[in-house]
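A short worksheet on the structure shown next.
The values are calculated or read from the model by the stated rules, or taken from the named source; none is laboratory data. In this text the structure is predicted, and so the values were computed from the model without any measurement. Here the Cβ positions follow ideal geometry from the backbone for every residue, glycine too, while neighbour counts run over all protein chains shown. Just the protein is used for accessible areas: all its heavy atoms, side chains included, with ligands, DNA and RNA removed. Shrake-Rupley method; radii C 1.70, N 1.55, O 1.52, S 1.80 Å.
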Amino acid sequence: MSDRTPIPAADHGYTAEVAERTADVFERIKTVVPAVEWPLHAPEIDAIRRLKAERNAIVLAHNYQTPEIFHGVADIVGDSLGLARQAARADADVIVMAGVHFMAETAKLVSPDKTVLIPDVEAGCSLAASITGADVRRLREAYPGVPVVTYVNTSAEVKAESDICCTSSNAVEVVEALGAPRVIFLPDAYLANYVARRTDVEIIAWHGQCEVHERFTGDEIRAFRSRFDNLAVIAHPECPPDVLDAADFVGSTSGMLGYVQGERPNRVLMVTECSMSDNVAAEVPDVEFVRPCNLCPHMKRITLPKIRQALATMREPVEVDGATAERARAAVQRMLEVA
Ligand code: 13P
Ligand code: SF4
């Protein structure tokens, strides 16, 4: 389903009953979602809750989803590793992935007997689009015997050509667990550089980049620091090296959340996708968030009406063909065993 496909509004409006049934969500997100938007979100949240119960479905949401999804309809939230782990353990018939396509594919790999739905099949990722299975085969020919570590931000076809997967929260651990003197690390050049600086293992990198994180610059971070006193800067390892050098902490989206919850800085700049700051701000009202607002256009394809439509119509189911799925699953499982 593309975002140009019209989706009818939820079948009931913002009634007093809907307001009452969704009051818990409003309470949680009222500091980050404008009040004027609430009458649009509440009927969708109410309808999605009902459909989830009817379908025995759960919604998994990545940390970059908007607060009305993240706090309103998600049963499980987290970073890429957390979502993969939870998808493997999920006790439901249907998983709706409020995230991008590779996350839905990973959920299907680890939970092959469940129906996994992606509310918009066009929710891609610039990293996943940067490399194909044929590219990995060519790299293997160029570096015979060198193991391939693949970031989960890739298609199942690419995972199938890999020895093991990793995420931003376990990349160094996974690379070192192989016990090899050098590894091919795909496809994020900046994450590869981040790993190379933390291990003695030689890293052979690909040239992929995240279109959201590559836009941040060290100069931008320094400008924020000079404008705001006592600013804690925390960055995602998909950022360029000069940004990571200018940060106080580097970690996956869950690592960043843990930093804010644990350190409780007065002021924080989360150098990552913009919605993440809203989701964390809703939980820690005592922390001030300074926001350079870089949005991921792929994550933003997922909306409440599309989630409702996915549950109502059971579309779009994610399928991975048998032989590819078996090999890709092995690479993901190896990662889950290491981590
Ligand atoms: P993590 O949530 O694993 O840190 O990944 C960030 C990301 O860009 C996912 O698309
Ligand atoms: Fe891909 Fe970057 Fe969007 Fe994550 S934020 S889905 S890595 S483009």
Checklist entry - What accessible surface, in Å², does a 1.4 Å probe find on Ile164, ignoring ligands, DNA and RNA and rounding to the nearest 10? => result 10 Å²
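Given Cα pairs under 8 Å that are at least 6 residues apart, what percent is the relative contact order of the stretch 66-182? Write down the numbers at each step before the final one.
Numbers: 140 pairs, mean separation 23.3, N = 117.
Relative contact order comes out at 20 percent.
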Checklist entry - So how do Arg89, Arg197 rank on accessible area, 1.4 Å probe, biggest first, that is with the largest at the start? => result Arg89, Arg197
Checklist entry - Summing -39500 (n - 2.57) over the DSSP H runs of n ≥ 4 in the chain and dividing by its residue number, what mean residue ellipticity at 222 nm do you reach, to the nearest 500 deg cm²/dmol? => result -12000 deg cm²/dmol
Checklist entry - What share of the DSSP beta bridges in the chain is antiparallel, in percent to the nearest 5? => result 5 percent
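Which shape class applies to the stretch 207-283: rounded if a/c is under 1.5, otherwise prolate when a/b exceeds b/c and oblate if not, where a ≥ b ≥ c are the square roots of the Cα gyration tensor eigenvalues?
On the way: a/c = 1.79, a/b = 1.21, b/c = 1.48.
Verdict is oblate for the stretch 207-283.
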Checklist outcome for this item: Given unit charges at Cβ for Lys, Arg (+) and Asp, Glu (-), the dipole magnitude of the stretch 1-111 about its Cα centre in debye, nearest 20, is 280 debye
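Averaged per residue, what accessible area in Å² does the stretch 49-133 show with a 1.4 Å probe, protein chains only? Before the final figure, lay out the partial values.
Values: 2580 Å² over 85 residues.
That works out to 30 Å² per residue.
Tally Lys and Arg at +1 and Asp and Glu at -1 over the other residues with C-beta under 13 Å from the C-beta of Lys108: what net charge comes out? Before the final figure, lay out each step's value.
On the way: positive: Lys114, Lys159, Arg329; negative: Glu105, Asp113, Glu316, Glu319, Asp321, Glu326.
Residues near Lys108 contribute -3 overall.
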Checklist entry - Using θ = phi - 60° and the Karplus form 6.51 cos²θ - 1.76 cosθ + 1.60, what ³J(HN,Hα) does each residue of the stretch 221-237 get, whole Hz, x for Gly and Pro? => result 5, 5, 5, 4, 5, 6, 7, 10, 5, 6, 9, 8, 10, 10, 10, 8, x
Checklist entry - To the nearest 10 square angstrom, what accessible area does Asp219 show with a 1.4 Å probe? => result 110 Å²
Checklist entry - Is the chain rounded, prolate or oblate when judged by the Cα gyration tensor, a ≥ b ≥ c being the square roots of its eigenvalues, rounded requiring a/c under 1.5 and prolate requiring a/b larger than b/c? => result oblate
Checklist entry - Kirkwood hydrodynamic radius of the stretch 239-287 from all distinct Cα pairs, in Å? => result 11.3 Å
Checklist entry - Of Cys296, Pro8, Thr272, which is farthest on the positive side of the dipole of the chain, counting Cα position, with +1 on Lys and Arg Cβ, -1 on Asp and Glu Cβ, and the Cα centre as origin? => result Pro8
Item to check | Unpartnered cysteines - no second Cys beta carbon under 4.7 Å - across the chain | outcome: Cys125, Cys165, Cys166, Cys210, Cys239, Cys296
Checklist entry - What percentage of the solvent-accessible surface of the stretch 135-244, computed with a 1.4 Å probe over protein heavy atoms, is contributed by carbon and sulfur atoms? => result 45 percent
Item to check | Within-9-Å neighbourhood charge of Gly218 [Cβ basis; K, R +1; D, E -1] | outcome: -3
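Once you have a ≥ b ≥ c as the square roots of the Cα gyration tensor eigenvalues for the stretch 17-74, tell me rounded if a/c is under 1.5, and otherwise prolate or oblate according to whether a/b is larger than b/c.
On the way: a/c = 2.28, a/b = 1.23, b/c = 1.86.
Since a/c reaches 1.5 but b/c is at least a/b, the shape of the stretch 17-74 is classed as oblate.
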Checklist entry - Long-range amide H contacts for Ile164: which residues qualify at under 5 Å (H placed 1.01 Å from N, peptide plane, sequence gap of 5 or more or a different chain)? => result Val148, Thr150
Next on the checklist: Let me check I've understood the local charge: for Thr15, count other residues with C-beta under 12 angstrom from its C-beta, Lys and Arg +1, Asp and Glu -1. What total comes out?
Outcome noted: -3
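Percent relative contact order of the chain, based on C-alpha pairs within less than 8 angstrom and at least six residues apart? Intermediate values should be presented prior to the final figure.
Details: 671 pairs, mean separation 73.7, N = 339.
Here the relative contact order equals 22 percent.
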Checklist outcome for this item: Interchain or sequence-distant (5+) residues whose placed amide H lies within less than 5 Å of the amide H of Val77 are Ala61
Item to check | In Å², nearest 10: area of Tyr190 left accessible to a 1.4 Å probe | outcome: 50 Å²
